[in-house]
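Undergrad: Below is one structure. I have some questions about it.
The values are calculated or read from the model by the stated rules, or taken from the named source; none is laboratory data. Here the structure is a predicted model, which means the values were calculated and not measured. Cβ atoms come from the backbone with ideal geometry, glycine included; neighbour counts cover every protein chain shown.
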Amino acid sequence: MVDAVLIQQCSDPSLKPAIVEAFVARAGSEDPLAVTIRSGNRVVLVPKPETPDEAMDLIRQHIGRNTVRVGITQYPAGLGIMEAGELKPDLVDACENLRMGTALFAKVYRIVMKWYGNPTGKNVLPEVLDDAIVAWQTGYFEGEAVFRTRDPGKVEGTEPGAIESVKNDAGKAEEPGDEAEREPAGDPVLGGDPNKAGIRIDLSGIGAK
């Protein structure tokens, strides 16, 4: 589990810490140097990097040819990058990766919330969170490439205080399938920066004292 202090200091303020914990637990990694390479629906086996330099070298070798996810949030490394030389070590810095990843996930969450009609009912919010996490893993929601879709702006449920608690008893998501999110290297959008998770997050405690 990601350290609570790190979440408080580095995650996007529009997401409650409990949502960030659930997001990282199901879609991310506890290892800041984690690099996942996929070619279509196949995981490319690569040596586990031991240092930030090794992680960055690995990313540069595969960026533009394969789907590369990096760090605590498994951030899509090629997003907004024109060429490998533009990649920055921020990708494998725990705080910066969490900052970029949660900012982008917050946008994805808002996209899903808007599609649902910005619901506030505690019986709907678990499904919203599930779909947002799947959208993060695949890069798509209802046919839209969420990383390149315009941010719909603040919606109910993403502002500070909207979701007070999440029982984070979920495990890691299943291995993803075909990562259709493979973004072009020249994607200009940085909103902040793959099968479905079988375990849902229990949001029944929302609003409970």
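Undergrad: Go through (1) part of a loop (DSSP other than H, G, I, E, B); (2) under 26 Å from residue 21 (Cα atoms); (3) in contact with a helix residue (DSSP H, G or I) (Cβ under 8 Å, 6 or more places away or on another chain) and name the single condition residue 78 misses.
TA: (3)
Undergrad: Please give the number of the condition residue 78 fails out of (1) modelled with pLDDT of 95 or more; (2) in contact with an Asp or Glu (Cβ under 6 Å, 6 or more places away or on another chain).
TA: Looking at each condition in turn, residue 78 falls short on (1).
Undergrad: Quick one: in the range 14-51, of everything that is in a loop (DSSP other than H, G, I, E, B), over 21 Å from residue 108 (Cβ atoms) and among the aliphatic types (A, V, I, L, M), which residue is modelled with the highest pLDDT?
TA: Only one residue fits best here, namely 33.
Undergrad: The conditions are (1) assigned to a loop (DSSP other than H, G, I, E, B); (2) among the β-branched types (Val, Ile, Thr); (3) within 19 Å of residue 151 (Cβ to Cβ), and residue 102 fails exactly one of them. Which is it?
TA: Checking residue 102 against (1) assigned to a loop (DSSP other than H, G, I, E, B); (2) among the β-branched types (Val, Ile, Thr); (3) within 19 Å of residue 151 (Cβ to Cβ), the one that fails is (1).
Undergrad: Is it the case, given these coordinates, that residue 172 is in contact with a strand residue (DSSP E or B) (Cβ under 8 Å, 6 or more places away or on another chain), modelled with pLDDT under 50 and more than 19 Å from residue 107 (Cβ to Cβ)?
TA: When the stated conditions are applied, residue 172 does not pass them.
Undergrad: What number of residues within the range 51-75 satisfy the criterion of being farther than 19 Å from residue 30 by Cβ and crowded, with 22+ Cβ neighbours inside 10 Å?
TA: Going through the range 51-75 one residue at a time, the tally reaches 1.
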